[in-house]
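Here's the structure, in structure tokens; my notes come after.
The values are calculated or read from the model by the stated rules, or taken from the named source; none is laboratory data. Being a predicted model, the structure only gives us computed values, none of them experimental. Note that each Cβ is placed from the backbone with ideal geometry, even for glycine, and that neighbours are counted across all protein chains shown. Protein only, heavy atoms only, side chains kept; ligands, DNA and RNA dropped before computing areas. Shrake-Rupley method; radii C 1.70, N 1.55, O 1.52, S 1.80 Å.
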Amino acid sequence: MNTIPQAVGPDASAPDTSADTLETSAAQERSAVLEKRILKDPGQFRVLTGDRPTGRLHLGHYFGTLHNRVHLQNLGVEMFVIIADYQALTDRDVADNLTWYVEELVLDYLAIGVDPARSTIFAHSAVPALNQLMLPFLSLVSVAELNRNPTVKDEIAHSRQSSVSGLMFTYPVHQAADILFCKGNLVPVGQDQLPHLEVTRTIARRFNDHYGNGTAVFPQPDALLSSAPLLLGTDGTKMSKSRRNAVTLASDADETARLLKGAKTDSERHITYDPTTRPEVSSLLLLAALCLDSTPQQVADDIGSAGATALKMTVTEAVNEYLAPIRARRIEFAQDRAYLRQTLHEGNERARAVADTTLAEVRAAMNSHY
Ligand code: TRP
């Protein structure tokens, strides 16, 4: 899976007249063009990407974006990885075990090959100038625009809070600050994050129009869509940090076997790949294929009438073998908490320097340089 995500056709299961699908296929076409430009001139790009510190990263994250981050880094693209600690508070009242989760994220990053000498890993709350961008940015979007953002609507529907906080409501705006503080122009995302990126692009455009005096202070960042279809959790629902339905990078081989053994399948013995009618079986086939660098159809053919038990054994072996080197590195890094903290401190320093420069530019553009 060491490739830049390839453009894929529109999802056959979705009605292709919907605005969503049209938007997605346009983004996919754009991603294909970007892939070529990245290969030709990686130095033109700066990636901003990140995660909330609410749990360990899992296989869905890995095949969705993590492996691609490392690939982009190794191609020579400059990368900033934000640990979005304030964002953890969008859908919960208190961010539990914050320090622990932040360090676990750093560990996950190091284990998969994010190199702190080339990529900047930092925490959102440690960069005041980044956060200050939020105020001018808030002035550039309307309440109505935030109200109809589909990602915000979806997150509100799944929130653990009884009422919607202002932070949740303004989440696309602080995410715009996350991306624009370092003038990120490339954001590897899943489809669910496309509406957010649209808000970022709008804010960048409006800022330039209002204050740019003919020059572009901010780039309008592009989404780089992942080609890997979504993996389901072991219970057949969306794979999620908080649902205990995911194999994490940090799980050991036994825990992985236990989780996958309990994975939901169906009653049909013969194994076939059919994501529409057999979503759970197909997701397991896909996972095995991603680890084996094969296709889900091929894995299904190899198992055939051996049934779900054989399928689970195949997936377990494939996952454990694929993750073995990552897990070994993770264990090594985990023994040196001081190094983890130092990595983060250095990343925070670098991010602060970049954010200070951008904020100074913004204040000058807005004539608030006193
Ligand atoms: N919203 C992302 C998530 O829920 C994390 C994140 C915060 C992010 N800021 C970002 C992702 C900026 C991409 C760009 O995991």
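Remarks
- Residues that are acidic (Asp, Glu) and away from the ligand (no atom under 15 Å from the Cβ) were ranked within the stretch 29-62; the one that is most open to solvent (accessible area, probe 1.4 Å) is Glu29.
For (1) away from the ligand (no atom under 16 Å from the Cβ); (2) touching a strand residue (DSSP E or B) at 6+ places or on another chain (Cβ under 9 Å), each residue gets a yes or a no:
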residue	(1), (2)
Gln73	no, yes
Met79	no, yes
Ile82	no, yes
Ala88	no, no
Val94	yes, no
Ala111	yes, no
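- Test: Thr265 is surrounded by fewer than 15 Cβ atoms within 10 Å (Cβ to Cβ) and part of a loop (DSSP other than H, G, I, E, B): no
- Checked against the criterion of being closer than 13 Å to Leu340 by Cα and outside any loop (DSSP other than H, G, I, E, B), the candidates Phe122, Phe80 yield just one match: Phe122.
- Test: residue in the stretch 63-71 that is touching a helix residue (DSSP H, G or I) at 6+ places or on another chain (Cβ under 9 Å), open to solvent by less than 10 Å² (accessible area, probe 1.4 Å), at pLDDT 95 or above and more than 11 Å from the ligand (Cβ to nearest atom): no
- The numbered conditions (1) touching a Lys or Arg at 6+ places or on another chain (Cβ under 7 Å); (2) over 30 Å from Ala253 (Cβ atoms); (3) modelled with pLDDT of 95 or more are all true for Val354 except (1).
- Of the criteria (1) of a type in the set (Ser, Thr, Tyr); (2) out of contact with any helix residue (DSSP H, G or I) (no Cβ under 6 Å at 6 or more places or on another chain); (3) touching a residue at least 12 places away in the same chain (Cβ under 8 Å), which one Ser142 fails: (3)
- Top-ranked residue of the stretch 27-62 - restricted to ones that are among the acidic types (Asp, Glu) and within 21 Å of Leu290 (Cβ to Cβ), ranked as modelled with the lowest pLDDT: Glu35
- Some residue of the stretch 258-280 being touching a strand residue (DSSP E or B) at 6+ places or on another chain (Cβ under 9 Å) and hydroxyl-bearing (Ser, Thr, Tyr): no
- Checklist (1) within 22 Å of the chain's Cα centre (by Cα); (2) outside any helix (DSSP H, G or I) applied to Thr343, failing item: (2)
- Top-ranked residue of the stretch 180-192 - restricted to ones that are farther than 30 Å from Thr316 by Cβ and away from the ligand (no atom under 11 Å from the Cβ), ranked as most open to solvent (accessible area, probe 1.4 Å): Lys183
- Residue in the stretch 100-108 that is modelled with pLDDT of 95 or more, touching a strand residue (DSSP E or B) at 6+ places or on another chain (Cβ under 6 Å) and assigned to a strand (DSSP E or B) present: no
- Flag for Thr314 being out of contact with any strand residue (DSSP E or B) (no Cβ under 8 Å at 6 or more places or on another chain) and surrounded by fewer than 17 Cβ atoms within 10 Å (Cβ to Cβ): no
- Checklist (1) under 18 Å from the mean Cα position of the chain (by Cα); (2) within 13 Å of the ligand (Cβ to nearest atom); (3) surrounded by fewer than 19 Cβ atoms within 10 Å (Cβ to Cβ) applied to Leu167, failing item: (1)
- The stretch 193-232, residues that are in a strand (DSSP E or B) and open to solvent by 40 Å² or more (accessible area, probe 1.4 Å): Leu232
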